[in-house]
Amino acid sequence: MHKLITHLKHLILPTFCAYCKIFYQDDTQVLCSECKAAIRPVVSHQLQITKTKSITVHAVGAYDQPLVSLLLAKRSGKRTVAHQLGKLAWQQTAVRHLEFDCVVPIPLHWTRYAWRGYNQADEIARVIAHNSGMPMVHLLRRIKRTPFQSHFTGDAREQNVMGAFALKEKTSLYKDKHLLLVDDVMTSGATLKQAARELYRLQPASITAIVISRVA
């Protein structure tokens, strides 16, 4: 009976690759085996936050196809794709083996959220939280509406996001906790760095970051 139901499900709601759109049978996977094999892996990266603190950044892969197309789908409001990116983060990285107490998405400024209708980092974080059983918490707010980081290079990226984040509240609840910081893309690391600096004010035991794609 289970096999029959599964077969009918595939006939009515067939699974297709999020990138190349071909149909396939495994509805637990976001990409077909060929597209998944096209992801260029990158090693974890140590991002220096202060003179004494650094965080490890994990990524699904390099900023290349097929990930680029999925990431840019946010521009056309494709929220479902953000959910698929969360599944990729869970399936394709070490995040499912990491120790963390809560999942913290990088926030959007409210004006950008209103324009887009959702935050891609939120959707990715929500999938990770669901699969891990850990809560997603919005510890940060974005207090500056900054131009897109893609408009800048080098040190200008860090200047652009300087002071962009603030803690929602100063609380002792997260002291000695392990925080998982989530964003969609890392280029220079400036955004993650500014967010982590704020989170370190909570005195967590550690901060680890997960992104979908990193510029190698």
Potential extension, Arg96-Asp64 segment - 0.36 nm per residue separation minus Cα distance: 9.2 nm
Taking Phe23, Phe165 and counting other C-beta atoms within 10 Å, the order from fewest to most: Phe23, Phe165
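Compute the Kirkwood hydrodynamic radius of region 16-66, taking the inverse of the mean of 1/r over all pairs of distinct Cα atoms, and give it in Å to one decimal.
13.1 Å
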The chain - Debye-derived log10 I(q)/I(0), Cα point model, q = 0.15, 0.18, 0.19 Å⁻¹: -0.97, -1.36, -1.50
Note, ³J(HN,Hα) from phi for region 100-108, Karplus 6.51, -1.76, 1.60, rounded to Hz, x at Gly and Pro: 8, 9, 7, 10, 10, x, 5, x, 8
Added length on full extension, which subtracts the Cα-Cα distance from 0.36 nm per residue, Lys170 to Arg112: 18.4 nm
Cβ-based charge dipole, the chain, positive-most Cα from Val127, Thr93, Thr111: Thr111
C-alpha long axis of helix 79-92 to longest principal axis of the chain, angle in °: 90 degrees
Structure-based [θ]222 nm, the chain - -39500 (n - 2.57) summed over DSSP H runs of at least 4, per residue, nearest 500: -10000 deg cm²/dmol
Angle between the chain longest axis and helix 2-12 axis [Cα atoms, degrees, rounded to 10]: 80 degrees
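Bear in mind that the values in this text are calculations on the coordinates, not laboratory data. Being a predicted model, the structure only gives us computed values, none of them experimental. Cβ atoms come from the backbone with ideal geometry, glycine included; neighbour counts cover every protein chain shown.
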